[in-house]
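Enquirer: I'd like to ask you about the structure that follows.
The values are calculated or read from the model by the stated rules, or taken from the named source; none is laboratory data. Note that the structure is a prediction, hence the values are computed from the model and not measured. Cβ placement follows ideal geometry from the backbone for every residue including glycine, while neighbour counts extend to all protein chains displayed. Side chains are part of the model used for accessible areas, which takes the heavy atoms of the whole protein and leaves out ligands, DNA and RNA. Shrake-Rupley method; radii C 1.70, N 1.55, O 1.52, S 1.80 Å.
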Amino acid sequence: MVKEYIEKNQQRFLDELFELLRIPSVSADSRHKGDVRKAAEFLVAKFNDAGVDKVELCETKGHPIVFAEKIIGPSLPTVLVYGHYDVQPPDPLDLWHSPPFEPVIKDGKIYARGSCDDKGQVYMHVKAFEAMIKLNTLPCNVKFMVEGEEEVGSDNLGTFVRENKAKLKADIILVSDTAIISLDHPSITAGLRGLSYMEVEVTGPNRDLHSGVYGGAVANPINVLSKMIASLHDENGHVTISGFYDKVVELSDADRTAINKAPFSLENYKNELGIDDVQGEKGFTTLERTGIRPTLDVNGIWGGYTGEGAKTVLPSKAYAKISMRLVPNQSNKEITELFTKHFTAIAPKSVKVKVTALHGGQPAVTPTDSAAFKAASAAFEEVWGKKPIPTRDGGSIPIVALFKDELGLDTVLMGFGLDSDAIHSPNEHYGVKNFLLGIETIAAFYNHYSKNN
Ligand code: BES
Ligand code: MN
Ligand code: MN
């Protein structure tokens, strides 16, 4: 029934999603503050059209949170859906084949910033809900909390959750903001990595200098920073920060075998990325390196002269943004402290170092034996004709750990993207098929979850 409803309405669903994708709700860019709000207002209107009891645009110190609910019976289970309507900046713009906020469908894929992360996936929830309301088949209570600051660290969501525990009361949290292995191999994410995101500033001389007059005699902060960064990994790809691995949960051989059973082709992986070889921590496979191992990466590095032509300069300052992905049971707070101590300690006397923590969050593992996980599994089996495989994703959704701590609730990570969807990159896209099957799977989840609760 839901399937027919989707088929009948699919053009309108896509038209509406396109309207949402046209709003450049870039949370990181203050010039888009009004657009971020517009996206929230768009969702408010669509929740109303879909048939919620009430919907609110909740103000925060930053971008607003959209909350909506439909309570059909106090004794029925309640699902709280979380997602985000903000998107990453579209830069670098010149690498997009079509403008990031003018969605187009090409080869069955919707190209636009946010198509997969996370507007497309949030919108599947709005439409699955609409379908069940219009068909009069919604079997449980549903609440929605869609935020506009996920891509900048969800600074105000923690406060909102703590101050609205009664409003958010639910039995399970459902999130579609992750990936499946492929259309042939559906999967459910059972773990996400945490994050510590740092910015470092290295200062040498008190002003930019002539690199001929002073070069060789005064520390060049870019040279120094490069060397410091290079020293953060040893020759086996281990992170050298002392204590970095102390709390890392080492998986049993059986768990590692299970992770490596997931369908994965290293050849395709390399081809898709245009690389001749992979690189990472010695002794671990690619799936383990992104799924269960902590890592450290430089996200950006700058300083000195980068304009046209050559300028001979020994710069005063150099900067880098460095992130660490964390796994159970590492603590975001502890790792941030260890990094700060280590990075300060390895700096030569010839420079000064400033380390700032930008944001971060805890890793999360979700139970795979819960009624909710089993319902998600059954929903995939029903719609995709295949049992989904539990996987560990490398990305982070810090709010999942917060939900557990503050609301005592587990999360089901039922995402429908693909790793190749280029989220955060130019030419982000999302399969029309993923979008439509996702709607159907979400509706099936409500049915299976309500049956068993
Ligand atoms: N949806 C992603 C996280 C993600 C992507 C999880 C793919 C699993 C698979 C989310 O929007 C995101 O980008 N999170 C950030 C962290 C946040 C604190 C900025 C990330 O992982 O870098
Ligand atoms: Mn996301
Ligand atoms: Mn993201």
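Enquirer: With a point put 7 Å past each Cα toward its Cβ, work out how far residue 240 is from residue 346 in nm, to one decimal.
Expert: Taking the two extended label points, one gets 0.5 nm.
Enquirer: Let me ask something else. How large is the dipole of segment 308-354 about the Cα centre if only Lys and Arg carry +1 and Asp and Glu carry -1, each at its Cβ, rounded to the nearest 20 debye?
Expert: Numbers: 9 positive and 3 negative charges, 33 e Å.
My answer is approximately 160 debye.
Enquirer: Here is a further query. Rounded to whole Å and ordered largest first, report the semi-axes of the equivalent ellipsoid of segment 148-263 derived from its Cα gyration tensor (root of 5λ).
Expert: Working: eigenvalues 357, 130, 45 Å².
Computed over segment 148-263, the values are 42, 25, 15 Å.
Enquirer: Taking the inverse of the average 1/r across all pairs of different Cα atoms in segment 27-185, what Kirkwood radius in Å do you get?
Expert: Values: mean 1/r = 0.0597 Å⁻¹.
Value: 16.7 Å, from the Cα pair sum.
Enquirer: Tabulate in residue order the Karplus-calculated ³J(HN,Hα) for segment 48-62, using 6.51 cos²θ - 1.76 cosθ + 1.60 with θ = phi - 60°, rounded to whole Hz; enter x for Gly and Pro.
Expert: Residue by residue, segment 48-62 yields 4, 4, 6, x, 6, 5, 8, 9, 10, 9, 8, 6, 10, 5, x Hz.
Enquirer: For q = 0.06, 0.08, 0.11 Å⁻¹, what log10 I(q)/I(0) does the chain give under the Debye formula with an equal point scatterer on each alpha carbon and no solvent?
Expert: -0.28, -0.49, -0.91
Enquirer: Can you show me the helix-derived [θ] at 222 nm for the chain, built from DSSP H runs with n ≥ 4 at -39,500 (n - 2.57) apiece and divided by the number of residues, rounded to the nearest 500. Could you put the intermediate results ahead of the total?
Expert: Working: 12 runs with 151 residues, N = 453.
Here the helix-only value at 222 nm equals -10500 deg cm²/dmol.
Enquirer: What's the tally of Lys pairs in segment 307-453 whose alpha-carbon atoms lie under 17 angstrom apart, where the two lysines are 8 or more places apart or on different chains?
Expert: Taking the Cα cut-off of 17 Å, the pair count is 14.
Enquirer: Related question: Where in the chain is the longest stretch that carries no GluC sites (Glu not before Pro) classed as loop by DSSP and with at most 14 other Cβ atoms within 10 Å?
Expert: Details: sites that count: 59, 235, 250, 308.
Longest site-free region, per DSSP loop and neighbour criteria: 60-234.
Enquirer: Under 18 Å Cα to Cα from residue 282, which aspartates and glutamates show up? Leave out anything in the same chain fewer than 8 places away.
Expert: Once the sequence-local aspartates and glutamates are set aside, what remains near residue 282 is 234, 235, 246, 250, 253, 297.
Enquirer: What nm distance separates the two modelled labels at residue 356 and residue 163, each placed 7 Å from Cα along Cα→Cβ?
Expert: My value for the distance between the label points is 2.5 nm.
Enquirer: Now for a different question. Which of the lysines could a cross-linker span from residue 54 if the Cα-Cα distance has to be under 22 Å and same-chain partners fewer than 8 positions apart are dropped?
Expert: By straight Cα distance, residue 54 reaches 38, 46, 70, 119, 127, 134, 143, 165, 167, 169.
Enquirer: Given charges of +1 on the Cβ of Lys and Arg and -1 on the Cβ of Asp and Glu, with all other atoms neutral, how large is the dipole of the chain about its Cα centre, in debye to the nearest 20? Write out the running numbers ahead of the final one.
Expert: Numbers: 49 positive and 60 negative charges, 137 e Å.
Charge dipole of the chain: 660 debye, to the nearest 20.
Enquirer: Read phi for every residue in segment 96-105 and hand back ³J(HN,Hα) as whole Hz from Karplus 6.51 cos²θ - 1.76 cosθ + 1.60, θ = phi - 60°, with x for Gly and Pro.
Expert: 7, 7, 9, x, x, 10, 10, x, 9, 9
Enquirer: Within 10 Å of each candidate Cβ there may be at most 16 other Cβ atoms; applying that plus a DSSP loop requirement, which trypsin sites (Lys or Arg not before Pro) in segment 307-398 survive?
Expert: Taking segment 307-398 and a limit of 16 other Cβ atoms within 10 Å, the loop trypsin sites (Lys or Arg not before Pro) found are 311, 349, 386.
Enquirer: Under a 5 Å amide H to amide H cut-off, with H placed in plane at 1.01 Å, what residues pair with residue 395 once short-range neighbours are removed?
Expert: Long-range HN contacts for residue 395: 193.
Enquirer: Quick one: plug the Kirkwood hydrodynamic radius of segment 56-121 (C-alpha pairs) into Stokes-Einstein at 25 °C, 0.890 mPa s, and report D in µm²/s. Please list the in-between numbers first.
Expert: Numbers: Rh = 14.9 Å.
Approximately 165 µm²/s, per Stokes-Einstein.
Enquirer: Please calculate how many Å² of accessible area segment 59-133 carries per residue, with a 1.4 Å probe and no DNA, RNA or ligand atoms counted. It would help to have the intermediate numbers written out before the result.
Expert: Numbers: 2620 Å² over 75 residues.
For segment 59-133, the per-residue accessible area is 35 Å².
Enquirer: Per Stokes-Einstein, at 20 °C and 1.002 mPa s, what whole-number D in µm² s⁻¹ belongs to segment 1-112, with the Kirkwood radius over Cα pairs as the hydrodynamic radius? Before the final figure, lay out each step's value.
Expert: Numbers: Rh = 16.1 Å.
Calculated translational D: 133 µm²/s.
Enquirer: Still on this structure: Scan around residue 27 for amide H atoms under 5 Å from its own, H built in the peptide plane at 1.01 Å from N, and keep only partners 5 or more places away or cross-chain.
Expert: 87
Enquirer: Taking the Cα centre of segment 315-453 as the origin and placing charges on Cβ (Lys, Arg +1; Asp, Glu -1), which of 346, 385, 332 is farthest toward the positive end of the dipole?
Expert: Sorting the options by dipole projection puts first 346.
Enquirer: In addition: Counting only the heavy atoms of the protein chains, how much of residue 133 is accessible to a 1.4 Å probe, in Å² to the nearest 10?
Expert: 40
Enquirer: Taking a probe of 1.4 Å, how large is the accessible area per residue of segment 366-427, in Å²?
Expert: Working: 2480 Å² over 62 residues.
Accessible surface, normalised per residue, equals 40 Å².
Enquirer: Can you tell me the Rg and Dmax of segment 400-453, counting just the alpha carbons, in angstroms?
Expert: 14.8, 43
Enquirer: Give the peptides 408-417, 355-364 in descending order of average Cβ contacts within 10 Å, highest first.
Expert: Working: 408-417: 22.8, 355-364: 19.3.
Top to bottom by mean Cβ count within 10 Å: 408-417, 355-364.
Enquirer: To continue, here is another question. Residue by residue, what Karplus-based ³J(HN,Hα) values in Hz, rounded to whole numbers, does segment 172-183 have, using 6.51, -1.76 and 1.60 with θ = phi - 60° and x for Gly and Pro?
Expert: Karplus-based 3J(HN,Hα) across segment 172-183 equals 7, 10, 10, 10, 10, 8, 9, 10, 9, 5, 6, 5 Hz.
Enquirer: Using Cα pairs closer than 8 Å and at least 6 residues apart in sequence, work out the relative contact order for the chain, in percent. Kindly include the intermediate steps, with their values, before the conclusion.
Expert: Numbers: 915 pairs, mean separation 112.6, N = 453.
Relative contact order here is 25 percent.
Enquirer: If I take all pairs of Cα atoms in segment 1-41, what percentage of them are more than 13 Å from each other?
Expert: Of all Cα-Cα pairs in segment 1-41, 60 percent lie more than 13 Å apart.
Enquirer: Quick check on the chain: of the DSSP beta bridges with both residues there, what percent are antiparallel, nearest 5%? It would help to have the intermediate numbers written out before the result.
Expert: Numbers: 48 of 70 bridges.
Around 70 percent of the beta bridges assigned by DSSP in the chain are antiparallel ones.
Enquirer: Also: Over the chain, what percent of the accessible surface lies on carbon and sulfur atoms, probe 1.4 Å? Before the final figure, lay out the partial values.
Expert: On the way: 10190 of 20520 Å².
Here it works out to 50 percent.
Enquirer: Averaged over every viewing direction, what's the projected area of the C-alpha convex hull for segment 240-331? Give it in nm², one decimal, please.
Expert: On the way: hull surface 37.8 nm².
Result: 9.5 nm².
Enquirer: Given H placed on each backbone N at 1.01 Å, which residues far from residue 233 in sequence or on other chains put an amide H within less than 5 Å of it?
Expert: 240
Enquirer: How compact is segment 110-176 by the rule of thumb for globular proteins, expressed as Cα Rg over 2.2 N^0.38 Å?
Expert: Numbers: Rg = 14.1 Å, N = 67, 2.2 N^0.38 = 10.9 Å.
Cα Rg divided by the expected 2.2 N^0.38 Å: 1.30.
Enquirer: For segment 338-453, what is Rg from Cα atoms divided by 2.2 N^0.38 Å, rounded to two decimals?
Expert: On the way: Rg = 20.1 Å, N = 116, 2.2 N^0.38 = 13.4 Å.
Here the Cα radius of gyration is 1.50 times the empirical estimate.
Enquirer: Something else: Near residue 162, within a Cβ-to-Cβ distance under 12 Å, what is the net charge of the other residues, with Lys and Arg +1 and Asp and Glu -1? Mind showing how you got there, number by number?
Expert: Working: positive: 165, 167; negative: 163, 405, 406.
Summing Lys and Arg as +1 and Asp and Glu as -1 gives -1.
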